[in-house]
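Just below is one structure, and these are the notes that go with it.
The values are calculated or read from the model by the stated rules, or taken from the named source; none is laboratory data. None of the values given here were measured: they were computed from a predicted structure. Because the Cβ atoms are built from the backbone with ideal geometry, glycine has one as well, and the counts that use them run over all protein chains shown. Just the protein is used for accessible areas: all its heavy atoms, side chains included, with ligands, DNA and RNA removed. Shrake-Rupley method; radii C 1.70, N 1.55, O 1.52, S 1.80 Å.
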Amino acid sequence: MKFIGLIAVLCVQCRAFSSFQLLTDLRQDRIGKRYAKQAVPVETADISGMRNEAARMRQEAELLERDLWQQKIETIETKLSNKSWSENNAERKDLLENELAALQQKLSGTDEGVAAKKRTQFVKAQVVEEVETERRSPGQSSVETPQTHPDLPKRGYDEEDLAVYIPVATKIEATMPNSTAEEKLAAFRESPELQSYFEEKVKKMLVQPIQDMQRLENLRNDYLQSTSKVEKMNIKREMESIEKSIEADGPFVYSDSIFLNIAPIPADCLAERVEAIGALPKILQSLYLKRLNLGEDGDISLGVQLDHFEQQIQLLEQISAEGTINEINRQEPMLALQSLPVPVRDHFARKYGLDDATDLDAFVKKLSTTDKDVEWSSIQKLVISSRSEEYEDLDYLDRSRYVEELFPALARMEQVHPPSEDVEQFLRQVLDNNYFMVRSKPERVVGGYFVRGYNKVSNDNEGSILVEILSQKLEESDLRDQVEFFFMNDPQPLSDEDFEMDNDVEQVIFLCGKDRSLLTANAGPLTKAGVNLLGVLSMLLFAFLTVELRPNPDVFQGKNLFDLIRLAVPVFGSLVAVQLCHEAGHQVAAMQSNMTIGVPSILPSVATGVGGSITPLASPPRNVKNLFDFAISGPLVGYAASLALLVYGLMETSMMDLPTTQKLPSLPLSLLRSSALGGGLVESFLGVGTLMQGATLPPDAMISLHPACIGGFVGVISSALALLPIGNTDGGRIALAMFGRRGAYVVSIFTTAMLCGAGIFGLDSVNILLTYTLCALLWQRELEIPARNEVEQLDYGRGFIAIGAAFLVFLTLLPMR
């Protein structure tokens, strides 16, 4: 974001390309600087600056190497502390112990070297301080801000520019002696020589920043795609180097202070510069004074002083972009104004509607509340306030993209993420070191914070005891209504180095604000009412169609609407009964696990009347086992009820004579053949070949069935659809509990692609799969909200149940051959 302002300003300026003001504004980094960098005398910068930079880089390299050693030591210690791993990997354990000893010896030797260097540096610093104290006057403070000396062109323009300007200005004054000053200025600005010069100079100023920005963007993408810690560290170092060079060479120069303490221009230097500028052609003198808002005939001496203090003046002008000054930060603007000479200060005050700058308090207040239209301030304020600094932190973005991908519900919590004070209080009051040892500073991530550490509870590898303890401590703390936490595996994949070391995925605590409505993002009451009404109407319409599209409509000639309703109601009732059983299964599982669920929504379907239902969670489940039980209970109970209705209806249908059968509602042959399980049961009761498509049964044939049979058949299909692993459907929840977030994400994409392919390439003759997939992608595409403990894994019993359910889904949705 630092560089967006650069392009914005240059684009604005390029609209007035013919204006000479462009070049004078761009020269020597004078585009509206937010903070001006303190200039350093050349002789000091060349020697001490390079020496300090080399020492700093050397120290950074040493610290970086020590950090890498320390990280390796922590990783090896964590691996060796795992007793089960140590018992199963005896040879690997010996190698790691030897490597650990070598690293500890290295680290110990480095620490001694660093301590010796620090002692040496302290002695040198003390000597330097003594020397500086001798040079300093008796009344001068050792913490006084050093004065800066802006290195400005002697004649007000760069010498390179003057080589082009003076011949043009001299020629115009010679050829237009009787013209007004404005006419001469216009001719000067429009001269072909200057136009081509302006164009080349602006191009040079644009090309390098754009190339640097492109390089930064490429490095940024490389960083986010990299899976190596070392490679990421090298990329960040290169990016920092490029950013520093841009800040040093470009129009954006930064300072930590508003007060620059610029030294006054010496009298002899002032006189020399006034004389040099006075010797320039009149056109260039006028342009110089106009740039400083002094008019064509202004005082050159005042202009030189304004030019000298321009950095300080521009900083003061930016106060209005930062907001109203309070008592705490009023001191720096006061010092900055006092550092200006009286003529400069008074001229600056008149710019803001004051007679003079006698009352500095009033002047500071005027600066902070003025509504003066300063173009650069507006642009800069927009750029600075658009995003906070953390959104430009690559580590933050790297961590956050995995949270957004695997925990979309937590990413929504960004707007209520806890302040740093609450995070610190959580660490003090909830995270007891006896249970969870925090090993690093909390890491900011979209939606909240990562807290990394070690579970110290004995015999609690999956964190179930830890989560119960922390939940109880949170309920007893002052933060119970402000924050909540989730214990999970780190969403970031293992780095190349961790993978080579055979390290396990790190466990983290995710801390976020407490807002259940934002976390669950359930539909509002009006939306739910609309969807449920549509679902009920869809089932009613389907029930009437099963009666109206019977094979022999002549049987009902002379019957009224009441007779149709009487026949359609049992079909509708059987459809509703299956859905009620499905929801009852969810409700019982939720009550056993103390989960809060929302109001279900019935999904309409064109082919079957009902495509299932959505039962949202209103609170996070305690662990993935509870999530699994809740997810699978509804479809299994729905399956049981559907199969019972289907078998009962088929038994009743098989015992009816032909005239009675002709009065029954019916289903299309194509729909009955879309399920191998349902169609197979129909043929097993009504006879092999009942659904055999051929000469006797055309594709659009209707098969008369008992109302319970129709409700059971549709219920079997809707239960199978609910178990498909897509997003946060029941099947998606089961996949999440079995395979984890990343595995469920992959399975969801694979399943969606398969179902869409089946619909597109004609493998789904009645479009049941394609319709359901589109509905799921519209309303249930996200992964489910996290469980309080996502580290805990399923037992074998639940795994076998899930495999059995998957086999049942396969039999149900596989069409008959």
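Give region 494-524 a look and list any residue that's modelled with pLDDT of 85 or more and closer than 26 Å to Leu580 by Cβ, or say none.
Thr520
Return the only residue of Met754, Met738 being open to solvent by 10 Å² or more (accessible area, probe 1.4 Å), out of contact with any Pro (no Cβ under 7 Å at 6 or more places or on another chain), part of a helix (DSSP H, G or I) and over 23 Å from Ala589 (Cβ atoms). Steps first, answer last, please.
Working: Met738 fails: over 23 Å from Ala589 (Cβ atoms).
On inspection, the qualifying residue turns out to be Met754.
Of (1) surrounded by 14 or more Cβ atoms within 10 Å (Cβ to Cβ); (2) at pLDDT below 85, Tyr223 satisfies all except one. Which?
The failed condition is (2).
I need every pair where a residue in region 218-231 that is over 11 Å from Pro493 (Cα atoms) has its Cβ under 7 Å from the Cβ of a residue that is surrounded by fewer than 16 Cβ atoms within 10 Å (Cβ to Cβ), sequence separation at least 6 or different chains.
These pairs meet every condition: Leu219/Glu238; Arg220/Leu394; Tyr223/Lys236; Tyr223/Leu394.
Checking the structure you have, find out if any residue of region 277-289 is of a type in the set (A, V, I, L, M), within 19 Å of Arg345 (Cβ to Cβ) and open to solvent by 50 Å² or more (accessible area, probe 1.4 Å). I'd like the intermediate steps shown before the answer.
Restricting attention to region 277-289, the residues satisfying the condition of being of a type in the set (A, V, I, L, M) are 277, 279-280, 283-284, 287, 289.
Adding the requirement that they be within 19 Å of Arg345 (Cβ to Cβ) leaves 289.
Filter once more, so that each one left must be open to solvent by 50 Å² or more (accessible area, probe 1.4 Å): none.
Checked region 277-289: no residue is of a type in the set (A, V, I, L, M), within 19 Å of Arg345 (Cβ to Cβ) and open to solvent by 50 Å² or more (accessible area, probe 1.4 Å).
Where in region 448-559 are there helices (runs of 4 or more DSSP H), lying fully within it, with 2 or more residues that are open to solvent by 30 Å² or more (accessible area, probe 1.4 Å), among the charged types (D, E, K, R) and touching a Ser or Thr at 6+ places or on another chain (Cβ under 7 Å)? Before the answer, list the steps.
Values: elements: 464-476, 496-500, 516-520, 525-548.
So the answer is 496-500.
Could you count how many residues in region 684-714 are assigned to a helix (DSSP H, G or I) and open to solvent by less than 30 Å² (accessible area, probe 1.4 Å)?
Within region 684-714, the first condition is being assigned to a helix (DSSP H, G or I), and the residues that meet it are 684-686, 707-714.
Then drop every residue that is not open to solvent by less than 30 Å² (accessible area, probe 1.4 Å), which leaves 707-714.
Number of matching residues: 8.
Quick check on Phe630: is it surrounded by fewer than 22 Cβ atoms within 10 Å (Cβ to Cβ) and at pLDDT 90 or above? Please lay out each step first, then the result.
On the way: surrounded by fewer than 22 Cβ atoms within 10 Å (Cβ to Cβ): no; at pLDDT 90 or above: yes.
For Phe630, the condition - surrounded by fewer than 22 Cβ atoms within 10 Å (Cβ to Cβ) and at pLDDT 90 or above - is not met.
Would you mind stating whether Ile262 is surrounded by 15 or more Cβ atoms within 10 Å (Cβ to Cβ) and farther than 30 Å from Met501 by Cβ? Write out each step before concluding.
On the way: surrounded by 15 or more Cβ atoms within 10 Å (Cβ to Cβ): yes; farther than 30 Å from Met501 by Cβ: yes.
Yes.
If Met239 satisfies all but one of (1) of a type outside the set (Ser, Thr, Tyr); (2) surrounded by 16 or more Cβ atoms within 10 Å (Cβ to Cβ); (3) modelled with pLDDT under 85, what's the number of the condition it fails?
(3)
For residues in region 598-608 being touching a strand residue (DSSP E or B) at 6+ places or on another chain (Cβ under 6 Å) and in a strand (DSSP E or B), which is surrounded by the fewest Cβ atoms within 10 Å (Cβ to Cβ)? Write out each step before concluding.
Taking region 598-608 as the starting set, the residues that turn out to be touching a strand residue (DSSP E or B) at 6+ places or on another chain (Cβ under 6 Å) are 600-603, 605.
The next check asks that each one be in a strand (DSSP E or B); those that pass are 601-603, 605.
Values: Ser601: 21, Ile602: 25, Leu603: 25, Ser605: 23.
Taking the candidates together, the pick is Ser601.
Among what's in region 771-817 and is of a type in the set (S, T, N, Q) and open to solvent by less than 20 Å² (accessible area, probe 1.4 Å), pick the residue that is nearest to the chain's Cα centre (by Cα). Spell out the reasoning first.
Taking region 771-817 and keeping what is of a type in the set (S, T, N, Q), we get 771, 773, 780, 789, 793, 812.
Right, trim to open to solvent by less than 20 Å² (accessible area, probe 1.4 Å) and you get 773, 780, 789, 812.
Numbers: Thr773: 28, Gln780: 21, Asn789: 23, Thr812: 41 Å.
Taking the candidates together, the pick is Gln780.
Please go through region 778-805 and pick out each residue that is touching a Gly at 6+ places or on another chain (Cβ under 9 Å) and touching a residue at least 60 places away in the same chain (Cβ under 8 Å). Give the steps one after another, and end with the answer.
Going through region 778-805, the residues touching a Gly at 6+ places or on another chain (Cβ under 9 Å) turn out to be 779-784, 789-793, 805.
Those that are touching a Gly at 6+ places or on another chain (Cβ under 9 Å) and touching a residue at least 60 places away in the same chain (Cβ under 8 Å): Trp779, Gln780, Glu782, Leu783, Glu784, Asn789, Glu790, Val791, Glu792, Gln793, Ala805.
What number of residues within region 631-665 satisfy the criterion of being part of a helix (DSSP H, G or I) and among the charged types (D, E, K, R)? Don't jump to the end; show me each part of the working.
Let us first name the residues in region 631-665 that are part of a helix (DSSP H, G or I), namely 631-654, 658-662.
Cutting the leftovers down to among the charged types (D, E, K, R) gives us 652.
Final tally of qualifying residues: 1.
Inspect region 370-380 for any residue being at pLDDT below 80, assigned to a helix (DSSP H, G or I) and open to solvent by 50 Å² or more (accessible area, probe 1.4 Å) and give the result as yes or no. So that I can check it myself, show each step before the final result.
First pass over region 370-380, keeping only residues at pLDDT below 80: 370-380.
Pick out the ones that are also assigned to a helix (DSSP H, G or I) and you get 375-380.
Retained after the next criterion (residues that are open to solvent by 50 Å² or more (accessible area, probe 1.4 Å)): 375, 378.
There is at least one residue in region 370-380 that is at pLDDT below 80, assigned to a helix (DSSP H, G or I) and open to solvent by 50 Å² or more (accessible area, probe 1.4 Å).
For region 560-593, give me the residue count where each residue is out of contact with any Pro (no Cβ under 6 Å at 6 or more places or on another chain), in a helix (DSSP H, G or I) and among the polar types (S, T, N, Q).
So the answer is 3.
Quick check: is even one residue across region 664-683 over 18 Å from Leu813 (Cα atoms), open to solvent by 10 Å² or more (accessible area, probe 1.4 Å) and more than 49 Å from the chain's Cα centre (by Cα)?
Start the filter on region 664-683 by keeping residues that are over 18 Å from Leu813 (Cα atoms), which leaves 664-666.
Next, only the ones that are open to solvent by 10 Å² or more (accessible area, probe 1.4 Å) stay: 664.
Among the residues that remain, those that are also more than 49 Å from the chain's Cα centre (by Cα) are: 664.
Within region 664-683 (the criterion being over 18 Å from Leu813 (Cα atoms), open to solvent by 10 Å² or more (accessible area, probe 1.4 Å) and more than 49 Å from the chain's Cα centre (by Cα)), the answer is yes, since at least one residue qualifies.
Which residue pairs have Cβ atoms closer than 6 Å, lie 6 or more positions apart in sequence or on different chains, and pair a first residue in region 195-209 that is on the phi < 0 side of the Ramachandran plot with a second residue that is small (Gly, Ala, Ser)?
Sorted first by the residue in region 195-209, then by its partner, the pairs are Pro209/Gly250.
How many residues does region 609-627 hold that are open to solvent by less than 10 Å² (accessible area, probe 1.4 Å), closer than 14 Å to Asn594 by Cα and either free of Cβ contacts under 8 Å to residues at least 60 places away in the same chain or not in a loop (DSSP other than H, G, I, E, B) (or both)?
So the count comes out to 3.
Asn434 passes all but one of (1) in a loop (DSSP other than H, G, I, E, B); (2) modelled with pLDDT under 90; (3) under 30 Å from Arg237 (Cβ atoms); which number fails?
(3) is the only condition that Asn434 fails.
Would you list the helices (runs of 4 or more DSSP H) that sit entirely within region 179-290 and hold 1 or more residues that are within 30 Å of Pro333 (Cβ to Cβ)? Walk me through it before giving the result.
Numbers: elements: 181-189, 192-225, 229-249, 267-278.
Once the helices (runs of 4 or more DSSP H) in region 179-290 are filtered for at least 1 residues that are within 30 Å of Pro333 (Cβ to Cβ), what remains is 229-249, 267-278.
Which residue pairs have Cβ atoms under 6 Å apart, sit 6 or more places apart or on different chains, and have a first residue in region 671-700 that is of a type in the set (D, E, K, R) and a second that is open to solvent by less than 30 Å² (accessible area, probe 1.4 Å)?
Arg673/Gly679; Arg673/Leu691; Glu683/Leu691
Identify all residues within region 191-212 that are modelled with pLDDT of 85 or more and open to solvent by 50 Å² or more (accessible area, probe 1.4 Å); write none if there are none.
Correct list: Pro192 only.
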